[in-house]
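J.: Below are the structure tokens for one structure; questions will follow.
The values are calculated or read from the model by the stated rules, or taken from the named source; none is laboratory data. Please read all numbers here as calculations on a predicted model, not as lab measurements. We place every Cβ from the backbone using ideal geometry, glycine too, and count neighbours over all the protein chains shown. In case anyone asks, the SASA skips ligands and DNA or RNA and just uses the protein heavy atoms, side chains included. Shrake-Rupley method; radii C 1.70, N 1.55, O 1.52, S 1.80 Å.
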Amino acid sequence: MATVTGGHHVPEPSPVTRAWDYTPGQLVRDGLQRLRAKGQWYRISLIILAILTVIGIIALIVQAIASGWGDRENWGYVAVAFGYIMSTVAAAPCVCVAGRLTRAHWRRPIDRISEIWAAAMIVPAILFLLLMWTVPNTHGRPTIWFGWWAAPYLWDAILVLGLAFTGYALLYVSSIPDLAIARAQIEDGSANWLTRKAEGFFGTQSQWRVIERAVAYLGAFYVVMYIGTMTVIAADFIMSLIPGYKSAIFPAYFAISGFGGGVAVVVVTASIMRLWGGAEDYLGREQFFALAKIQLALGLLFAYFIWTDFVIPWYGRMPWEILQIRLLYFDSYLWYFVAAFALCFISPLVLLMWTKLRRGRVGPFIVSSGVLIGLLADRIRLFSSAFSDKDITEDRLHALPPVLHPGVLDWLIVIGAIAACIALVMLAMRLIPVPSIWEMTEGTRLRARRRFHNVEVTIIGKPDY
Amino acid sequence: MGRIIKPVIVVVILLLVLAIPALAVVARSYILAPVAQPAKAQPIAFPHSIHVNVVGLDCTFCHRGATTQADSTVPALQLCMGCHAIIPTTDRPQLEKLVNAFNSGTPINWTRVHQLPDHVHFVHAMHINAGFNCATCHGDVASMAPGAVVQVRDLRMGDCITCHRENNAPTDCSTCHY
Amino acid sequence: MAHRWGMTIDLDLCTGCQACVVACQAENNIPINTEENFQQRRAIEWIRVERYWEGEFPNVKARYIPVPCMMCENAPCEPVCPVYASYHTDQGLNFQVYNRCIGTRYCSVNCHWHVRFFNFWEPKWPDSLKQQLNPLVAVRSRGVMEKCSFCIQRIDHAEQSAQLQGRDVKDGDFTTACAQACPTRAIVFGDLNNADSEVAKTVASTKRGYQLLADLGTNPAVVYLKKIDADPLPEDSKHKYFDSSQYTRVKETVAVG
Amino acid sequence: MQERRNLPQMEVIQELLLPVTRTTMWMWIGFIVLGTILAAFAFAVAWMFYWGIGVTGLNRPGMWGFMIVDFVFWIGISHAGVMISAILRLTQAEWRRPVTRAAEVMTMFSLMTAMTLPFIHTGRPWRTAYWVFPYDFWRGIFPDVRSALVMDPSAVFTYLTGTILFIYITTVPDIATLRDRSTGWRKGLYRVLALGWQNDERQWMIQAATGFLLAALMLSIFVSVHSIVSWDFSFSLDPVWHTSVWAPYFVIGAVHSGVSAAVTLMVLMRWMFGFDKYIREEHFDAIGRLLVVVATAWVFFFMLDVFFALFNQDPRETAVMKMRFEQWPYTLMLVLIFVFGYFIPVPIWMFRKFRRNIKLMFWTSIMVNIGMWSERYWLVVPGLERKYEWTFDWNFYRPGIVEITIILGTFALVPFLFMCFSKIFPPVSIWEEKEGQNFLQEIKVGKASIPAIVREF
């Protein structure tokens, strides 16, 4: 322990990310290695996921044939699957945007892991197109569209499909340099079709500038789109289907809890990559520490937003408000709520509060897995209370609507949708190097060890672009 | 030396600052309390002791409202004169004042000793009928010096509330305040 | 059984004569409302007769509605007071303790019947009127909220007299100043928990009853009886909230017996 | 790209102590002008105490007016302190250094000013003081903790206590510097306040740890304070007030106005004390970028509030919204909120060139706060004026001259107190500035030289 003038003590540089000391050549070799070699377990799990996906699709078709489009309550768990994927998979790419925006160095190995989840955006888009028919038109129900043409269908579709498209664009643009590397380095004909798309990238200064700008703007646009989409989903798929439920915080809560899910997805993916993906040199304590901090902050925000959603009707005490909190928090979905609250707030708070756990690799993984389960419970709570049988043209809730508990078919659909997402991401890892080669290379350049008085400290460059 | 004295001085100053609210409470409780006030001057030094101990009158003989209504009522001069018409006033200046006042028709402005704020409604009848003695609140008025009746009981809200709690009387605000 | 004091106001009988307002002003030591006070919207009327127009011109009707404090069961004004000045008595009255009030005015902000009044100035009476002040009611100083108390001084007096006589309060032992002054007996006051009282009977039997802003779920103790209109206006021109279609709810929400 | 120069330590100390050692002409002007306004403020408050709330423009539906709006505004301004010193400290943002002290001091004084307002706004302030300090356990009756008005002072005073502690902890090294360089009564004062600071390693460790701990603890208070202020309104049933979004919406709005006020303060310190070498364009650049994000988040919550008030098409909320959108002066305020609070400043802040233009930053930050003041008025007052369907009780609120004087007074009070503070303590943290000098490094990548910092942990 030594102090720098000013009092902040600087601990010895911990063995964070070994990849920071790699040479550029090493980084490229490593990245391409991971692109080529996929082991037996990769194949087995991909097959299992594919089977689950097929079962899910079959279940969906059976569901559609058996119940038709007419009754909304039969589609409740398709909506759950959609909402869950929207608030986990679709939120994952936002993590890299946060890192890039604050120019944090820990983000570099994480960026691709978060972006790659955009590859699965086709799943929520398809689910959305299926669900669109179950949502009533804006006539006679609360709405934020105020009689816009073709509302809500057209605008919802634009948002969800636009988000999916932006996600793919972000993933593609930010991996162009890596694909170009792959194109240049892989000569044995095993280069995949995607690398050929990066034909024109040669790394000139203007090309880099375009790439950097495009990544930054697409990322910011993705986050904005994501918040917008989540707001609209919250309004059209949940709030307007519960008579009298008018909580202006709810869309923000929906988006924030989604961010929590996104971080959790990234942490879990990073843990798996570290253990079995051959990326242990890239994903050190530094990354998990930073992600866990964000997870903790989002857990606190989860509680804060849910508390504000709860406390206002609690104080209002109007009859329909009492029914509303009974429906969402107490009577109908009490255990789903308790699970969500415990896993999305209490466990991050109680565990990640401790710097030791935050800095470790197991703590964040456990908490994040919990958050993913908690979010599923939360989405069941919200979507099934929205999709249960009631007259949505009433201006207020007059009685508690029936509870929708999941059946076997419902579970198969939910699991199938999740499996499809994971399978897509695994396939994408075949095509795009994870973690990103170019960002890591940039990172190694902007880092240095230097003697400072009598200690050695890490210096981080913050280019002022 | 300085290592010890300086912190001690700082702590003492801090304690003094923190003592201000505590002192305020103490002042409110003891120095400003009604029981701490001296006896008030009365136009006539009325001797409760003679009326109670010597003559043997009951409180309610004169304070007639006490059993039936909110006010205990101070008796009108007519009531006094019911007896005092036949009691000689020679060498008794206080009695002379009474008779003169009655004859000239000017009421006597007694100084009120037990003065509750205007927003408190105390109903004597309820308390007397619940079996309380006058002395419970007013003390042994009979043994007080002539014209020097003082308040012996705190009779502020905390006092009322304590007694109400002890006797299972209502402690609802609207019992006294409206 | 605890009392639940309540009131029925029959709008079919109300002529809008304002006798209740005057009686209340006299009984409860309410400061004199000058023209300026009215114009500044600072007049204090514990019960007020609101006049409103129903329908569109020329099919328009004048309506009267006397508005005292509703004495809500779940009063919104209560939990917002930081010092318990606005609180619930065990007789179900929503009550204001003047001496405790510090004048945050939150209760008035959260009272949707607008029956809570603030003393913007120190109340003043001309010398000639000082002797008419009711000694049983405290005069409120400036900076204090005040409101209809259902003539709590009369309630207390009646209860105490009954207790001294060793019996319970009977219906008709006393009534509020407004009900006493009402020439058409439109206002009736009594114990809703006493099934034999006039108000309880009316509430139980009427088909015209409704509560103001009943949808807020505060369960007011004041029940209005809808006006019987010989020549009703078309349904769509009626005022949505005053001519309430919710009268069937009254029986559910007002506890009778 | 950084305008930083290597400055000798002596020069840093001398220049940053300038407001303490010398009273410039601008400071004299400030003291005199603000003092005059404060005299009027004191008179107005005394007048209101003497005559009662009747001297204001409040009326029966409009029971809360200018003073409550201003209370919310100043509480909002106070959120700059933690935002800058705690959050940026925890996230190791290097550009926080010249503004932490000033922002914290602004927090402290704006909290004090803010708490004055609801206090003098009560009908019987003397009773308020009597109930609250000390609590009236004499009667066995306690305040009602269900009421937001009890939670509110608790939260605000906790925040104030925390802020004062935080300022003190972070000023101790500077006080020691002053102690070593002063004579007379000042020396005595600084000696007591410096708590025996000897600049040794252990003391630095304790100081740093305390600072971080306080920063982390204050984050939760930071969120709770403005949330509870919003609950002062949204716990009631009033249409448009009774909405769950207000808590985070108020918090983010507070950060928006608070950080803008910090920009104003930075510019003023540059102009008044000549701190050009310390408060540099790069700092405005960084804070401008932060403001773009904050302002956008604020607009998102604003939109949520408006859209979901209209969402159910509840006639009550619609009536208030209609008034807000269509009636004077709320139309004007809406325009001010949007144009001044977002559509002029944010596009300007998008450009690096403008972010580095001090004058432009000054005026945009002033603009934001005009917009934010209107926002608070727009949020608070209309809700009362159209309360439910009692058309015969609808009314307008117009502030009286007394209220306007009080509001002007609050705007004079905070800078006045800040100037008083900077006559005794350095308004820019000297030790943090020195630390920053050491932390800033450079890295060579190829031919380019890139600014770099030491990683703290």
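J.: Of all DSSP beta bridges located in the protein assembly as shown, what percent are antiparallel, nearest 5?
T.: Around 90 percent of the beta bridges assigned by DSSP in the protein assembly as shown are antiparallel ones.
J.: In 20 Å bins starting at zero, report the fraction of Cα pairs in the protein assembly as shown per bin as a rounded %.
T.: The calculated distribution, bin by bin, is 9, 31, 32, 19, 7, 1, 0, 0.
J.: Quick check of the Kirkwood formula: for region D:24-67, what is the inverse mean of 1/r over all pairs of different Cα atoms, in Å? Could you put the intermediate results ahead of the total?
T.: On the way: mean 1/r = 0.0801 Å⁻¹.
Kirkwood radius, region D:24-67: 12.5 Å.
J.: With the Cα gyration tensor of region C:30-125 giving a ≥ b ≥ c as the square roots of its eigenvalues, does the rule (a/c under 1.5 for rounded; else a/b larger than b/c for prolate; else oblate) give rounded, prolate or oblate?
T.: Cα axes put region C:30-125 in the oblate bin.
J.: Quick one: Cα centre-to-centre distance for region A:395-465 and region C:75-97, in angstrom?
T.: Here the answer is 52 Å between Cα centres.
J.: Run the Debye formula on the Cα coordinates of region C:5-253, all scatterers equal and no solvent, and tell me log10 I(q)/I(0) at q = 0.11 1/Å.
T.: Each listed q corresponds, in turn, to -0.61.
J.: Let me ask another. Excluding C:V115 itself, calculate the net charge of residues whose Cβ lies under 13 Å from the Cβ of C:V115, where each Lys or Arg counts +1 and each Asp or Glu counts -1.
T.: +1
J.: Now for a separate question. Please arrange D:I141, A:I65, A:I380 by accessible surface area, largest first, computed with a 1.4 Å probe and ligands excluded.
T.: My answer, sorted largest first, is A:I65, D:I141, A:I380.
J.: A follow-up question, please. Sorted by accessible area (1.4 Å probe), largest first, how do B:L14, D:L219 line up?
T.: B:L14, D:L219
J.: So for chain D, Kirkwood radius off the Cα pairs, Stokes-Einstein at 37 °C and 0.692 mPa s: how many µm² s⁻¹?
T.: 140
J.: Given the -39500 (n - 2.57) contribution per DSSP H run of 4+ residues, what per-residue ellipticity at 222 nm results for the protein assembly as shown, rounded to the nearest 500 deg cm²/dmol?
T.: -17500 deg cm²/dmol
J.: Got a number for the accessible area of C:E73? Probe 1.4 Å, square angstrom, nearest 10.
T.: Here the residue's solvent-accessible area equals roughly 80 Å².
J.: Would you kindly compute the Cα radius of gyration of region A:18-460 and its largest Cα-Cα separation (Dmax), both in Å?
T.: Using the Cα atoms of region A:18-460, the pair Rg, Dmax is 22.7, 75 Å.
J.: Between region D:282-297 and region A:202-257, what is the C-alpha centre distance in whole Å?
T.: Each part reduced to its Cα centre gives a spacing of 20 Å.
J.: Quick one: dipole size for the protein assembly as shown, taken about the Cα centre, charges +1 on Lys/Arg Cβ and -1 on Asp/Glu Cβ, in debye to the nearest 20.
T.: 4260
J.: If you count, for every residue in D:434-445, the Cβ atoms of partner chains within 10 Å of its Cβ, what is the mean?
T.: 4
J.: Treating cross-link reach as a plain straight distance, find the lysines whose alpha-carbon is under 24 Å from the alpha-carbon of D:K353, omitting any fewer than eight places away in the same chain.
T.: Qualifying lysines at Cα under 24 Å: A:K462, D:K277.
J.: OK, next. Please calculate the 1.4 Å probe accessible area of A:T229, with all protein chains present, and give it to the nearest 10 Å².
T.: 0
J.: Give, as a single signed number, the net charge of other residues whose beta carbon lies under 14 Å from the beta carbon of D:A114, with Lys and Arg counted +1 and Asp and Glu -1.
T.: Its environment carries a net charge of -2.
J.: Could you tell me which of rounded, prolate or oblate describes region C:119-167, using a ≥ b ≥ c as the square roots of the eigenvalues of the alpha-carbon gyration tensor, with rounded for a/c under 1.5 and, failing that, prolate when a/b is larger than b/c and oblate otherwise?
T.: Since a/c reaches 1.5 but b/c is at least a/b, the shape of region C:119-167 is classed as oblate.
J.: Still on this structure: What whole number of Å gives the distance from the Cα centroid of region D:7-67 to the Cα centroid of region A:335-393?
T.: 48
J.: Same structure, new question: Expressed as a whole percent, how much of the Cα-Cα distance distribution for region D:1-86 exceeds 17 Å?
T.: That fraction is 75 percent.
J.: When a/c reaches 1.5 or more, the comparison of a/b and b/c decides; with that in mind, is region D:297-420 rounded, prolate or oblate per its Cα gyration tensor? It would help to have the intermediate numbers written out before the result.
T.: Details: a/c = 3.02, a/b = 1.40, b/c = 2.16.
Judged from the Cα gyration tensor, region D:297-420 comes out oblate (a/c at least 1.5, b/c at or above a/b).
J.: Please grab the % of Cα pairs in chain B that end up more than 30 Å from each other.
T.: Values: 5926 of 15753 pairs.
Beyond 30 Å sits 38 percent of the P(r) for chain B.
J.: If I ignore ligands, DNA and RNA and count only protein heavy atoms, how much of C:V67 is accessible to a 1.4 Å probe, in Å² to the nearest 10?
T.: For C:V67, solvent-accessible area is about 0 Å².
J.: Can you compute 3J(HN,Hα) from phi for each residue in region A:396-408, using the Karplus curve 6.51 cos²θ - 1.76 cosθ + 1.60 with θ = phi - 60°, rounded to whole Hz and x for Gly and Pro?
T.: 9, 6, 10, 8, 5, x, x, 8, 9, 8, x, x, 4
J.: Protein chains only, probe 1.4 Å: how do A:L372, B:L18 rank by accessible area, largest first?
T.: Working: A:L372 30, B:L18 110 Å².
My answer, sorted largest first, is B:L18, A:L372.
J.: Sticking to Cα atoms, compute the Rg of region A:320-465 to one decimal and its Dmax as the biggest Cα-Cα distance, whole number, in Å.
T.: Radius of gyration, then largest Cα-Cα span, for region A:320-465: 23.5, 73 Å.
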